[in-house]
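*Asks:* Would you mind keeping the following structure in view while I ask a few things?
The values are calculated or read from the model by the stated rules, or taken from the named source; none is laboratory data. Everything numeric in this text was worked out from a predicted model, so none of it was measured. Cβ sites come from the backbone with ideal geometry, for glycine too, and all protein chains shown count toward neighbours. Keep in mind that these areas ignore ligands, DNA and RNA; they rest on the heavy atoms of the full protein, side chains included. Shrake-Rupley method; radii C 1.70, N 1.55, O 1.52, S 1.80 Å.
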Amino acid sequence: MSHVLILGGDGYLGWPTAMYFSARGYKVTVADNYFRRNACTEVDTGMLYPIPTLIERAKIWHELTGLEIKVVIGDLSNPEVMRQFFDGRVQYQWAINFNFTGLPETVIHYAEQPSAPYSLLDYKHADFTVMNNLRVTNNLLWAVRDFSRDTHIIKLGTMGEYGTPNIDIEEGWLEVEHKGRRDKFLFPRQASSLYHTSKIMDTDLMWFGVRIWDLRVTDLMQGPVYGVSTEESLMDARLKTIFNYDEIFGTIINRFVVQAVIGYPLTVYGGGGQTRGYINIRDTIQCVHAAEKCPPQKGEMKIFNQIMETFSVNQLAELTKKVGDQLGYDVRIKSISNLRKESESHYYNPQYHGLKKLGVVPNLLTEESLGSLFQMVDKYSANIRREVIYRGVSW
Ligand SMILES: NC(=O)c1ccc[n+]([C@@H]2O[C@H](COP(=O)([O-])OP(=O)(O)OC[C@H]3O[C@@H](n4cnc5c(N)ncnc54)[C@H](O)[C@@H]3O)[C@@H](O)[C@H]2O)c1
């Protein structure tokens, strides 16, 4: 049984990933410091429904399946907390068998502050974002370097690292011809938030570790994720992953559905021509699994663009309105002034063939899949707080 260590295992993507690998026979350890939950309290955002603690979820998972997900609660920006997973000193907060599981064959690194608006709230949040994200990545690289160089690191990057260049976005790399000579470089990156900039710096750190210490890394350049249900989470309502609909931590499709359900006009920033690549949460997990099954060689960094289709904000708003209206909601769309510094009309042509070549079969955004998200949100509509939907964080 292969051992997968999931950093950020309490998060939106981390918990469903943990259940997915556990259900498929992997030994799974999760680590988290509850930053995301605490930050939601700190900035007073709204989660659609309460979720059990990570330890409670691991217990529920065990009761339902007999399977073990070992839990460590700790801050991975502290190098000693990170190194315990590799030097055998690990202190599990919950497990069936408290003995050291052994070195992980794969580490899935989700443990970061993942919000652009949070990173730009003020200088303190900017400081936290940069320090937290870079430290966790650096600590992971050093732990793998010192104890387990064969471990495959799967790191979640973001399509936002590339920005919106006026040329096609390749999968990670660009061949450059300059004064008659050729070489291959990381595709140019130019993010438009501090959070996204921290992800660029992560990529640079990992590329350093690959070149200098022959580490094995896969960097998954993911677009905004939507949805909540996975095969495993449908087993029991208590296994659902977190769902934010606020401006700070909510992602656009999830947010639009919540807005539609309570009759809040869909918040289109500016002209609405901003185009990005999107992915269903089920496909995030499929992609991570595909990457896990196909590790890089020593000294190789694989990069995939982890999106399944592209939409402009206007297209998403129109689709949400169409589906919402069919279901009997009165959905309105409102253009509000864009407080972010970003192009509202631009060229966007990212390449994203690599993960499909590895066998990922996309779950595309259809009227039907959006309709089932409406149904899920509607069940919890009494919990929705209108005042946290828009608060005008500016860049
Ligand atoms: N959700 C998306 O739409 C999306 C899109 C592109 C990329 N990503 C990337 O995917 C990863 C996971 O995103 P998510 O949406 O699940 O975010 P999330 O906030 O729900 O999950 C991240 C988890 O990491 C934990 N964490 C953060 N810092 C930590 C630390 N120092 N020590 C221990 N735990 C820590 C948080 O508490 C949280 O549970 C992030 O790296 C994010 O940048 C997400």
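*Asks:* Counting other C-beta atoms within 10 Å, and keeping those with at most 14, which DSSP coil GluC sites (Glu not before Pro) do you find in region 283-330?
*Replies:* Working: sites: Glu292, Glu300, Glu309, Glu318; in loops: none.
In loop regions of region 283-330 (DSSP not H, G, I, E or B), there are no sparsely surrounded GluC sites (Glu not before Pro).
*Asks:* Name the long-range amide H neighbours of Phe311: under 5 Å, sequence gap of 5 or more, or other chain; modelled H, no Pro or chain starts.
*Replies:* The list, which skips near neighbours in sequence, is Arg276, Tyr278.
*Asks:* For region 144-255, which whole percent of the accessible surface, found with a 1.4 angstrom probe, sits on carbon and sulfur atoms?
*Replies:* Carbon plus sulfur share of accessible area: 50 percent.
*Asks:* Report the label-to-label distance for Met235 and Leu327 in nanometres (one decimal), using points 7 Å from each Cα along the Cα→Cβ vector.
*Replies:* Inter-label distance under the simple model: 2.6 nm.
*Asks:* Next up: Over region 265-348, with every protein chain in place, what whole percent of the accessible area is carbon and sulfur at 1.4 Å, could you tell me?
*Replies:* On region 265-348, the fraction of accessible area on carbon and sulfur atoms equals 47 percent.
*Asks:* Given the Cα-Cα distance of Ile60 and Asp150 and 0.36 nm per residue of separation, how much length would full extension add, in nm?
*Replies:* Taking Ile60 through Asp150 to full extension adds about 29.1 nm, to one decimal.
*Asks:* Let me ask something else. If one computes the Cα centroid of region 58-88 and of region 150-214, what distance in Å separates the two points?
*Replies:* Each part's Cα centre sits 30 Å from the other's.
*Asks:* For Trp395 and Trp173, what is the calculated FRET efficiency with R₀ set at 25 Å and r taken between the beta-carbons, to the nearest 0.05?
*Replies:* Calculated value: 0.30.
*Asks:* Same structure, new question: So, with +1 on the Cβ of K and R and -1 on the Cβ of D and E, and no other charges, what is the size of the charge dipole of the chain about its Cα centre, to the nearest 20 debye?
*Replies:* Approximately 240 debye in magnitude.
*Asks:* Next question. Asp87 to Ser2: FRET efficiency via 1/(1 + (r/R0)^6), r the Cβ-Cβ distance, R0 25 Å, to the nearest 0.05?
*Replies:* Step by step, r from the Cβ atoms, then E = 0.80.
*Asks:* To continue, here is another question. From the phi angles alone, apply the Karplus equation (6.51, -1.76, 1.60; θ = phi - 60°) to region 284-296 and give each ³J(HN,Hα) in whole Hz, x where the residue is Gly or Pro.
*Replies:* Going residue by residue, I get 3, 6, 4, 5, 4, 5, 4, 5, 5, 6, 10, x, x Hz, with x marking Gly and Pro.
*Asks:* Once you have a ≥ b ≥ c as the square roots of the Cα gyration tensor eigenvalues for the chain, tell me rounded if a/c is under 1.5, and otherwise prolate or oblate according to whether a/b is larger than b/c.
*Replies:* Judged from the Cα gyration tensor, the chain comes out oblate (a/c at least 1.5, b/c at or above a/b).
*Asks:* Under a 1.4 Å probe, what is the accessible area of the chain per residue, stated in Å²?
*Replies:* The answer is 41 Å² per residue.
*Asks:* A further question follows. Using only the Cα atoms of region 1-51, build the gyration tensor, take square roots of its eigenvalues as a ≥ b ≥ c, and label the shape rounded, prolate or oblate: rounded if a/c is under 1.5, else prolate if a/b is larger than b/c, else oblate.
*Replies:* Note, shape of region 1-51 comes out prolate.
*Asks:* Amide H neighbours of Leu339 under 5 Å, at least 5 residues apart or on other chains, H built in the peptide plane: list them.
*Replies:* Sorted by chain and number, the residues that satisfy this come to none at all.
*Asks:* Once every DSSP H run of n ≥ 4 in the chain is given -39500 (n - 2.57) and the sum is divided by its residues, what mean residue ellipticity at 222 nm do you get, rounded to the nearest 500 deg cm²/dmol? Intermediate results must be reported in sequence, preceding the final value.
*Replies:* Working: 12 runs with 142 residues, N = 395.
Roughly -11000 deg cm²/dmol at 222 nm, from the helical runs in the chain.
*Asks:* A follow-up question, please. What range in the chain is the longest one free of trypsin sites (Lys or Arg not before Pro) that are in a loop by DSSP and have at most 15 other Cβ atoms within 10 angstrom?
*Replies:* Numbers: sites that count: Arg24, Arg89, Arg149, Lys179, Lys298, Arg332, Lys341, Arg385, Arg391.
My reading of the result: 180-297 is the longest stretch.
*Asks:* Describe numerically, in nm with one decimal, the distance between label points set 7 Å from Cα along Cα→Cβ at Ile336 and at Phe100.
*Replies:* Simple spin-label model gives 5.2 nm for this pair.
*Asks:* Also: For region 267-279, in order, what is each residue's ³J(HN,Hα) by Karplus, 6.51 cos²θ - 1.76 cosθ + 1.60 with θ = phi - 60°, in whole Hz (x at glycine and Pro)?
*Replies:* Taking θ as phi minus 60°, the curve returns 7, 8, 7, x, x, x, x, 4, 10, 9, x, 10, 8 Hz for region 267-279.
*Asks:* How big is the gap, in Å, between the Cα center of region 327-390 and the Cα center of region 99-119?
*Replies:* 25 Å
*Asks:* So, taking all protein chains as they sit and a 1.4 Å probe, how much accessible area belongs to Asp168, in Å² rounded to tens?
*Replies:* That residue has around 50 Å² of solvent-accessible surface.
*Asks:* Could I ask something else about it? Convert each backbone phi in region 179-191 into a coupling constant with the Karplus relation 6.51 cos²θ - 1.76 cosθ + 1.60 (shift: θ = phi - 60°), then list the ³J(HN,Hα) values in order as whole Hz, x for Gly and Pro.
*Replies:* 3J(HN,Hα) across region 179-191, in whole Hz: 6, x, 10, 10, 7, 10, 10, 4, 4, x, 10, 7, 7.
*Asks:* Apply the a/c threshold of 1.5 to the C-alpha gyration tensor of region 58-184 and tell me whether it is rounded, prolate or oblate.
*Replies:* prolate
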